[in-house]
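Take a look at the structure set out below.
The values are calculated or read from the model by the stated rules, or taken from the named source; none is laboratory data. What you see is a predicted model; the values in this text were computed from it and never measured. Here the Cβ positions follow ideal geometry from the backbone for every residue, glycine too, while neighbour counts run over all protein chains shown. In case anyone asks, the SASA skips ligands and DNA or RNA and just uses the protein heavy atoms, side chains included. Shrake-Rupley method; radii C 1.70, N 1.55, O 1.52, S 1.80 Å.
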Amino acid sequence: MLRRAGSQAPQKVSKSTIVSVRKTEKAPVVVDSSRIASVRRSSREELEEHKQQQIQKNAELAKAQQQAEARKLARRRQHQQEQIEYSEQIMNKSPNRELGVIDKPKKKKGFLGRKKKTEKLGLEREESGSAAAREFLADMHDVDATDFDEVPAKEKRKSWNKQQKQARKAARRDAGRYKQKKHRKWPWVLLIIIVILGGCGVLAYNYINEKYKKITGDDSSILGLLFADDKTPLQADEKGRTNILVFGTEGYSMDGSDYDGGLLTDSMMMVSINQDTGDIKAISLPRDLHYKKDACTATGKLNEVFYCHYSQNDGSEESIKHYETEGQDHLASAFEDILGVDIHYKVHVNWGAMLQVVNALGGIDVVFLYGDQTWDGPETTIEVSDERGLQEQDGYTVYFSYPTQEVIHLDGTAALSVARARNGHGGYGAISGNFSREYFQQRIIAALVQKARTTNFVTDLGAATGLLNAVGDNLRTTFKDTDIKTLMRLAKEININNMETLSTIENYDGEAALMTTGMENGISYVLPVGMTYDRIHNFIQKRLYADGAAAEDATIAVLNGTEVAGLASSNKQTIEDEGLTVDSVGDAPDELKEQDGLFIYQNREDVPETIKKLQAIYPNATVSSEVPESLSEYADIDIIVIIGNGYAN
């Protein structure tokens with residue numbers, strides 16, 4: 001048998017020894033029961049004590065774990081607070097913080113860009129690659145701890161720097177101080193926009209201002225209009241009325257001397273406004289009115305006056321302006337002569353531009369009425385002489401046909417056609433020819449004003465631009481900045497549809513027309529009745545300056561009760577100078593002659609204002625409603641005035 005080297009040889013055991021051992025094993029064992037119980041009791045106590053110790057140890061371990069978690073949370077919060085404070089320090093120390101530029105902090109050496117960061121937080125120093133550091137950083141930045149093991153150290157540093165940068169941005173954003181770098185460009189962009197808009201604004205201002213100065217003259221400007229006071233009253237006469245001459249030409253450019261016969265003023269009217277009451281009236285004078293006082297041709301008609309002066313210009317800008325003003329002034333003087341009123345402003349319109357103006361405003365709405373027909377809508381009404389409406393035709397060609405009591409929308413072309421309508425070659429509704437055309441032009445102007453006052457030129461830039469282009473080259477006025485601002489206010493306050501049109505050819509309350517037609521040297525003229533303007537003056541005074549007496553429109557007869565010849569006629573003029581109308585003059589009946597004083601008899605009771613005015617003329621007059629029977633032939637006269645002795649002078 002082989003034996004491992006160095007091992008001992010087995011000892012020999014005798015037989016007697018074996019037997020002795022066997023005998024010993026079989027011997028009975030005596031057990032002390034009290035000792036056994038004591039041992040058992042001791043074992044249970046030790047077990048219980050060990051158990052209690054284990055429970056206490058587990059509790060202490062759990063408490064330690066909780067404390068560790070609390071310390072970990074506190075360290076995390078402390079670190080976040082330090083990050084915020086660090087960012088604020090950067091912002092406060094940065095010289096460029098006013099511009100929203102954040103200085104980039106210097107990188108520090110150490111674990112993942114932060115030297116001894118774990119020591120600063122109260123942790124034991126660990127190497128950068130330790131699992132504890134990776135777990136702490138992952139927990140702090142809410143990333144997977146294995147992300148730090150999956151990338152090289154250089155990538156780890158980049159990731160850390162990126163996360164730190166994002167954390168600083170978030171902190172500054174939460175503090176309300178962070179501005180993104182791309183915002184640095186906005187001042188330059190804004191500056192470029194301002195420069196562009198400023199340049200466009202200057203060009204636009206110059207363009208608008210030039211147009212405006214053409215309309216109002218070199219002394220005006222858009223800035224002057226903007227800052228003008230709209231409460232400044234317009235020029236007016238002693239009775240508070242502002243009279244504006246409006247005349248139209250067509251067929252030429254207002255900026256040049258290329259006239260072709262269009263310089264004849266075929267449309268002339270006076271618009272009179274009472275600024276206090278809002279009353280507005282218009283009266284047109286016919287183009288063929290006989291007027292040779294300021295004529296330069298053998299014809300001698302009113303529509304030549306402007307032409308005779310404007311046509312003298314040599315085509316230069318200064319010459320055009322001079323003769324434009326001269327032509328306006330002479331035509332205004334003719335109106336003052338014919339109507340007996342002062343003209344305060346002049347407006348020269350190129351009627352060919354009406355098409356552009358109407359289109360710029362989007363068209364106008366009108367309603368044609370005949371006879372007693374009425375219309376309650378906001379549309380401008382136009383009265384016609386035929387119940388079918390208005391139609392214009394030339395032989396077999398019908399240019400337009402509009403019915404009555406329907407809203408008609410007119411564009412520029414249609415509005416211009418209505419303004420020119422006179423049934424010269426056929427049609428219906430304009431029986432008075434040129435007089436009808438003058439009336440239609442008044443109503444078209446009223447419709448234009450009505451549309452303009454309801455158009456918001458601030459929001460509707462297309463309408464504003466179109467209107468400016470249309471009127472800039474086709475309108476000349478003597479209005480200045482304050483006048484235009486006041487007119488703009490009045491246009492909003494006055495309902496232009498209530499404008500009253502005065503006619504020189506119609507009969508008013510039994511009065512004969514103011515004008516008639518006639519021939520002279522083979523030329524057709526419109527002539528004032530009696531070949532004087534006296535009746536026109538009285539008519540205008542009565543209609544424009546209507547007071548209570550004028551509204552009563554009482555008829556008056558003046559009778560001479562003395563032997564003094566011509567006394568009734570002289571008193572007739574005295575009464576009419578006060579705006580009253582005397583219908584007849586004559587001698588008083590014999591039984592009423594040679595009475596002392598002056599007597600006023602009333603056939604009509606509802607004329608108190610007229611009686612007051614007569615009493616103002618004749619303070620000592622006797623007024624009575626008991627009319628003598630000898631005056632029965634004057635029963636259709638409202639008031640009879642008898643001039644007796646004492647009023648012979």
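Sorted by mean Cβ packing within 10 Å, highest first, what order do the peptides 629-639, 265-275 take? Please list the in-between numbers first.
On the way: 629-639: 14.5, 265-275: 22.0.
Ranking, from highest mean packing down: 265-275, 629-639.
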For the ranges 492-499, 354-361, 515-522, what's the packing order if you count other beta-carbon atoms within 10 Å of each residue, average per peptide, and put the highest first? 354-361, 492-499, 515-522
Output ordering of 72-80, 584-592 (per-residue mean of other Cβ within 10 Å, highest first) is 584-592, 72-80
Accessible area per residue, Å², the stretch 289-351 with all protein chains present, probe 1.4 Å: 38
Tell me, what is the 1.4 Å probe accessible area of Tyr345, in Å² to the nearest 10? 0
Expressed per residue, the solvent accessible area of the stretch 549-649 in Å² (1.4 Å probe) is about 49
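Evaluate the relative contact order of the stretch 338-409 (contact order divided by residue number), counting alpha-carbon pairs under 8 angstrom at least 6 apart; express in whole percent. Provide the component values of the computation, followed by the final result.
Details: 86 pairs, mean separation 20.0, N = 72.
RCO, the stretch 338-409: 28 percent.
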Around Gly363 (Cβ within 10 Å, Cβ-to-Cβ, excluding Gly363; K/R +1, D/E -1) the net charge comes to -1
Heavy-atom accessible area of Thr277 with all protein chains present, probe 1.4 Å, nearest 10 Å²? 100
